[in-house]
Amino acid sequence: MKRLLLSTATLAVLSAVTPAAAETTDAAADVDEVVVTATRLATPVELAPGARVIDEVEIERSGAVFAADLLDTVPGLSVFENGAYGGVASVRMRGASADKTLVLVDGVPQNDPSQPAGSFDFAAFDLGDVSRIEILSGPQGSLWGSDAIGGVISFTTRELDGARADLEVGSYDTVHVSAAAGRSTERWALAVNAASFTTDGISKADAADGNTERDGLVSRTAGLKGRFTVNEKVRLDAALRYARAEADIDGYPVFSLEDTPETSDSESWSGLVRAVVDGPLDFQHQLSFNRYTMDRASEGGAFPYAYSADRDLWRWTAERARPDERWAATFGVEQEDVRADLSDGSSAEQGAFSAFGVVRVKPVERLTVTGSLRRDDPETIKAVVTGRASATLDLGWGVSLQGSWGQGFKTPTISEAMCDFCSPPGPSLGLKPERAEGWDVGLAWRSADGRFDASVTGYRLAVRDQIDFFFDLSDFSFRYRNIDRTQTRGLEAEASAELFAGLTLRAAYAYTDAEDATTGERLLRVPEHQGSVGVDWTGDRARASLTVRGESEQMDADPTGTVFTPVPRDGFVVADLTGGWKLTDKVEATVRLMNLSDQRWQQTLGYGEPGRSAYVGLRLRY
């Protein structure tokens, strides 16, 4: 019945188009910078509290191959990886566990439905086809539904008009190659890309035990993206992305992290098809179908596994966002269907029907207010209603005051609902969704000439009914239960200064106080202090960027014992240098020098990271 209602609404929209709204997209294009993920409206980034944008210039300047290598400089994001080159990499946002970070690629959710908690693995996410990263911190249930308690990280792939290629070789027998070509006109566009990364790697289990086995990684990514304008009212676009990674990993043969012959293999497909129609009352309508599939397997260890999962998502939205008017709005409906395999070889399914709306108004010239409301109706739990409100006040002299309040939730995953790995076996009874509420308030300043800017934001995030895998001593059972309440308080600050043409200083800092509200203990893998400073220089033919980043001590699980007792992981400071020299207008020689001081450091306790390493390459842009 829900699908019938969705189809009927869509047909009604497609049959009621008028040419009047053809100006909507053109008007939106006049906005210098928008963050679509922030409010699901085309919104200037300065009007979106908690939003950050990493554009293509910054991605290329960093020289980062994988997303995790770039996200660890963003304040409020805590990256922890089970060893470099293929070890599982996760991202916490504002102290919330990694499964509460929603990841999107071209609007397609990427969180793994077959993973027990449903989180996303950033380990081999190649940036070769990514043109933009949008980060929205804080609970966003009213905008994106389940999983967005900590926030949203959205990747946009590139529409290319021309050709580009990158070749880089270096330490640990590493070779990275990427290439892309495309054609873009006013009426149509088509682009294709591919990337390959191989390395012999280092020993991940590189703690005091002296493990020396090198763990390699082979990663492949390919993509196809296109659009076509049917007429002045109807446009079509589609995107397809394939990724596969084969990594050597280490494990726990006798309850202690050691070098092992284990390997992991993951393969995913992500696809989108969408129709965009300019309709009546200047609303732009979008009907899209997204599909995401994931297959994972591990061999050679004490506990081999194989999982697969897929997600189908139908979405219809109607948006009116004209920057020259005092109001904007969007609303829509979604139908999501998820299937996942369990450890015993069985499969299960769950779905959800959702409806949402967002309104932005300017009651006075200097004040912008946004409100959103969403109702999610999952098949496995009662319907959940979440809301969000934000406001930005222009105080003049380049200073703005921002604030937001929002709610989030997380539906129990298939693994949690069916109580996979539980003893005694059987589905979880009475499992409730995780719920969250958070707020933030901040000040931002930008100089009139745009050369200087700074911001500071304070926030609080509380999560209740958190789901954990729990051992009950009373009956010696292992079950998923709602047992925890967590809370995080923090501060995020950023600043940049263009001292003169070509030279920019930048700095970022985050203070995070994250604890289990039941016990008062610090949450694992959340550093209290983290920050980075950088210098970027660009000349006529040369460029260079120096980035120094560090984290304070954090609590982690001891990988050398049988009960994984919380123990401190030492803090670290590492420095990286990237640069380039233009050989011609289209060809650049590049260099990356990582961990300049050859620090022995760990993001995750027991898993070593690379020492001093160097990489050189060539970059073609045509």
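Please treat every number below as a calculation from the coordinates, not as lab data. Source: prediction; values computed, not measured. In this analysis, Cβ positions are derived from the backbone assuming ideal geometry, glycine residues included, and neighbour counts consider all displayed protein chains.
Listing for the model above:
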| quantity | calculated |
| --- | --- |
| Equivalent ellipsoid semi-axes - Cα gyration tensor, the range 111-220, angstrom | 30, 27, 10 |
| Values of log10 I(q)/I(0), in the order q = 0.18, 0.22 Å⁻¹, for the range 122-175 under a Debye, Cα-only, solvent-free model | -0.79, -0.93 |
| In sequence order, calculated HN-Hα J values of the range 92-100 (Karplus, 6.51, -1.76, 1.60; Hz; x Gly/Pro) | 8, 10, 6, x, 5, 4, 4, 6, 9 |
| Listed residue (ILE149, THR199, VAL175) projecting farthest to the positive dipole end of the range 142-214, Cβ model | ILE149 |
| Where N is the number of residues in the range 493-622, Cα Rg divided by 2.2 N^0.38 Å | 1.37 |
| Cα pair distances in the range 414-508, grouped into 5 Å bins until the bin that holds the longest one, percent each | 3, 11, 15, 12, 9, 8, 8, 8, 7, 7, 6, 4, 2, 0 |
| Under 5 Å, built H, 5+ apart or other chain: amide partners of GLY107 | PHE155 |
| In sequence order, calculated HN-Hα J values of the range 584-599 (Karplus, 6.51, -1.76, 1.60; Hz; x Gly/Pro) | 9, 5, 10, 10, 10, 8, 10, 8, 10, 10, 10, 6, 4, 8, 6, 6 |
| Among TRP269, TYR292, GLY279 the positive-end extreme of the charge dipole of the range 248-293 (Cβ point charges) | GLY279 |
| Karplus (6.51, -1.76, 1.60) ³J(HN,Hα), θ = phi - 60°, over the range 240-249, in Hz, Gly and Pro reported as x | 9, 9, 10, 9, 9, 9, 10, 10, 7, 10 |
| Dipole magnitude (debye, nearest 20) for the chain, charges at Cβ of Lys, Arg, Asp, Glu | 1920 debye |
| Alpha-carbon centroid distance for the pair the range 35-103 / the range 412-463, whole angstrom | 14 Å |
| Gyration tensor verdict on the range 350-446 (Cα atoms; rounded if a/c is under 1.5, prolate if a/b is larger than b/c, oblate otherwise) | prolate |
| Distance cut-off 14 Å, percentage of C-alpha pairs in the range 257-298 lying past it | 67 percent |
| Ratio Rg/Rh, restricted to the chain and using Cα atoms, in which Rh is the Kirkwood radius | 0.94 |
